[in-house]
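The values are calculated or read from the model by the stated rules, or taken from the named source; none is laboratory data. The model shown is predicted, which means the values in this text are computed figures rather than measured ones. Here Cβ is always computed from backbone atoms with ideal geometry, including for glycine, and neighbour counts include all displayed protein chains. Quick note on the areas: whole protein, heavy atoms, side chains included, nothing else; ligands and nucleic acids left out. Shrake-Rupley method; radii C 1.70, N 1.55, O 1.52, S 1.80 Å.
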Amino acid sequence: MNSPSSEHFNYPTGRRAGENAWLWLVKMITGPLLVLILTLHLIVNHYMGSAHSGLMTYNDIVAYFRNPLIPLIEIIFVATVVTHSLLGVRGIILDMNPSQKVLTWVNAVLLLIGCSAVGYGIWLALVIASKST
Amino acid sequence: MPEQWTVTLRIYRQKTNEPSRYDTFTLEVNPDEYILDAIERVWAFHDRSLCFRHACHHSTCGACGMRVNGVEKLTCITTIRSVARPNAVLTIEPLRNFPIISDLVVDMGELYRKMEAVEARAVLPITEAEIEKPPHQWKTEDSQYVRLSDCLECGLCISACPVAATSQPYLGPAPLAAAQDHRLDRRPDLLTLIDSEHGVWRCHSAFECTAVCPSFVDPGRRIMDLRKQTISAKIRHFFGK
Amino acid sequence: MNNQPAPQRLLSWFNPLGRNPGSWAFILNRLTGLGLTMYLFLHLMVLGRLAQGPEAYEEFLALTKSPLIKLGELLVIGAVIYHGLNGLRVVLTSFGLGVRRQVQMFYLSVLLALVGTAIFAFRMFAG
Ligand code: SF4
Ligand code: FES
């Protein structure tokens, strides 16, 4: 019942890594993870702290970062959210059918932005953790 | 005496290298006639230069797809009653996301090439058909019976798809549904194309294809199922099976 | 002859005329995604003030008391809840779960986003 082979017609499969299962899985895994972390983030930042109305003061935040687990979680958070958002932006750009040249640039720029944002996030988390109230 | 309505057709007109315009035609219709009947009447009695496509008149050939008031319809099975009221204006436009050849006729070559790229099946063994309530169990000898594939290749889904609007090489609903119909475990050679940049991951879940498909293909569901197939094929590959 | 797919037609992504709830889900997902990306980088930049010590940070905090900023924060909260829940809808349907219920899931995402935003609005302005 199978139709003859389609050797005569080769669809451009786009061998470049425009989009594939692994990239997509990263988005699908970081997404729900973010739902989890963001729920915590929102609760902590709006319901905890000295006045129970959120981490609203400098001292509250510095005290919160005392717990060594917190900077770690925040760093994971930054990495996840930056990855997810930049992959999302890349998805939108892919929808505009970029040429190979444009896509190479897009990849490079997004990678640069992503790495600097995560680097900055790590630096910031460590700086806050080392402060004293 | 059948019911009589007056409706106005506002038809998109465009010939090569000419600017587009809308022509209006007011006619008496029976609301249970089909949109295509009214368009044929316009052609027969008002304007012989109007270009449109049809063949079978019974939702088989997939030639008569157009947009009616902005929504993709197979005009040979869409009654006037289902989309209009007495004295309504019906805007008739060609499908989107295909180059216009003349008036309501678009060049669907791209869709046919994509269907060919996934070797879409026109008929399939009945035992492989995803039908609503299959008999409890197929017998092996039942596979001698074949069934027409649901897809008419009418292109309505491509016209309705937001991703297809901006990315020409994106395979789009009907070809992805045709790949799902093959099943990647039966046709592992399709994996490269389906898992590529123009394949199954580019759908953004608007489910417009399913909303407009006139033929129960339900491409949205099939694309989602194809994702499952792709992931399991990739995982099988990863573990070297 | 301007009907073929083209990147310049990107505004048509956001045109809901004649479209179904699923398109609204897609449009909102894209808009909130873009908005949240911008907010994320703004947020990261602003938090840099924490490194400059208490004065710099409290100074910035004073700014956030303005109703306009608060309104913006509410928008962000609504966008986060919607994008998160609709994202779960996308994940579930992508694994073949609830495809036939995708419209209901979309409505639920919008509803919960509105409720969540209302709760935060209440805390912000009345609480
Ligand atoms: S999937 Fe449905 S809408 Fe798309 S071409 Fe086939 S029959 Fe037409
Ligand atoms: S005329 Fe053949 S499908 Fe409508």
Between C and A, accessible area buried - total, square angstrom, nearest 100, 1.4 angstrom probe:
2700
Folded to 0 to 90 degrees: helix C:54-63 orientation relative to chain C principal axis, Cα
60
Taking the Cα centre as origin and putting +1 on Lys and Arg beta-carbons and -1 on Asp and Glu beta-carbons, what dipole magnitude results for segment B:108-214, to the nearest 20 debye?
40
Amide H of B:ARG147 versus every other amide H placed in the peptide plane: which residues, excluding those fewer than 5 positions away on the same chain, fall under 5 Å?
B:LEU124, B:ILE126
For B:TRP5, what accessible surface area do you get with a 1.4 Å probe? Give it in Å², rounded to 10.
20
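For chain B, what does the helix formula give at 222 nm: sum of -39500 (n - 2.57) over DSSP H segments with n ≥ 4, over the residue count, nearest 500 deg cm²/dmol?
-7500 deg cm²/dmol
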Report the residues of segment A:97-133 in range of a label on C:GLU55: point 7 Å along Cα→C-beta, backbone N strictly under 20 Å from it.
A:128, A:131-133
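Is there a quick way to get the dipole size of segment C:21-126? I mean about its Cα centre, with the Cβ of Lys and Arg at +1 and of Asp and Glu at -1; what is the value in debye to the nearest 20? Walk me through the intermediate numbers first.
Numbers: 8 positive and 4 negative charges, 105 e Å.
About 500 debye.
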Taking a label point 7 Å from the Cα of B:SER232 along the Cα→Cβ vector, which residues of segment B:171-207 have an amide N closer than 15 Å to it?
B:180-188
How compact is segment A:18-131 by the rule of thumb for globular proteins, expressed as Cα Rg over 2.2 N^0.38 Å?
1.29
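Taking every eigenvalue of the Cα gyration tensor of chain B, multiplying by 5 and rooting it, what semi-axes result, largest first, whole Å?
Numbers: eigenvalues 282, 88, 40 Å².
Gyration-tensor ellipsoid for chain B: 38, 21, 14 Å.
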For the C:LEU63, A:ILE92 Cβ pair and Förster radius 35 Å, calculated FRET efficiency rounded to 0.05 is 0.70
Scaled to the compact-protein estimate 2.2 N^0.38 Å, what is the alpha-carbon radius of gyration of segment B:109-238, rounded to two decimal places?
1.04
Working from the pairwise distances between different alpha carbons, so that the mean of 1/r is found and then inverted, what is the protein assembly as shown's Kirkwood radius in Å?
25.7
Heads up, I need the accessible area for B:ARG113: 1.4 angstrom probe, whole protein in place, Å², nearest 10.
110
In whole Hz, what ³J(HN,Hα) sequence does segment A:35-41 give by Karplus (6.51, -1.76, 1.60; θ = phi - 60°), x for Gly and Pro?
4, 5, 5, 5, 4, 4, 3
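R0 = 35 Å: FRET efficiency of B:PHE239 with A:LEU23, Cβ-based, nearest 0.05?
Numbers: r = 20 Å, r/R0 = 0.56.
The computed FRET efficiency comes out at 0.95.
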Can you work out the Karplus-derived ³J(HN,Hα) for every residue in segment B:155-163? Use 6.51 cos²θ - 1.76 cosθ + 1.60 with θ = phi - 60°, whole Hz, and x for glycine or proline.
x, 4, 5, 5, 5, 8, 7, x, 6
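If you rank C:THR93, A:THR57 by how much accessible surface each has, with a 1.4 Å probe, what is the order from largest down?
Working: C:THR93 0, A:THR57 50 Å².
Most to least solvent-accessible, the answer reads A:THR57, C:THR93.
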In terms of the charge dipole of segment C:22-127, which places +1 on Lys and Arg and -1 on Asp and Glu at the beta carbon, the residue among C:HIS43, C:LEU68, C:LEU97 farthest towards the positive end is C:LEU97
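Can you give the FRET efficiency for B:GLU18 and C:GLN8, using 1/(1 + (r/R0)^6), R0 = 25 Å, r = Cβ-Cβ distance, to the nearest 0.05? List each step's numbers first, then the result.
Details: r = 21 Å, r/R0 = 0.84.
About 0.75, to the nearest 0.05.
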Could you pull out the pairs from A:LYS27/B:LYS234; B:LYS114/B:LYS139; A:LYS27/C:LYS70; A:LYS131/C:LYS65; B:LYS114/B:LYS234; A:LYS27/B:LYS73 whose alpha carbons sit more than 27 Å apart here?
B:LYS114/B:LYS139; A:LYS27/C:LYS70; A:LYS27/B:LYS73
Farthest towards the positive end of the dipole of the protein assembly as shown, among B:GLN137, C:TYR82, A:PHE77 and with Cβ unit charges of +1 on Lys and Arg and -1 on Asp and Glu, lies the Cα of A:PHE77
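Using the crude model of +1 on Lys and Arg Cβ and -1 on Asp and Glu Cβ, and no other charge, please compute the dipole size for segment B:16-129 relative to its Cα centre, in debye to 20. Intermediate results must be reported in sequence, preceding the final value.
Working: 12 positive and 16 negative charges, 36 e Å.
Charge dipole of segment B:16-129: 180 debye, to the nearest 20.
Would you please name the GluC sites (Glu not before Pro) within segment B:128-233 that are DSSP coil residues with at most 13 other C-beta atoms within 10 Å of their C-beta?
On the way: sites: B:GLU128, B:GLU130, B:GLU132, B:GLU141, B:GLU153, B:GLU197, B:GLU208; in loops: B:GLU130, B:GLU132, B:GLU153, B:GLU197.
When the GluC sites (Glu not before Pro) of segment B:128-233 are filtered for loop state and at most 13 Cβ neighbours within 10 Å, B:GLU132 remain.
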Residues of segment B:74-90 with amide N under 17 Å of a point placed 7 Å along Cα→Cβ from B:THR26
B:85-90
Per-residue SASA entry for A:THR39, accessible area with 1.4 Å probe, Å² rounded to 10:
70
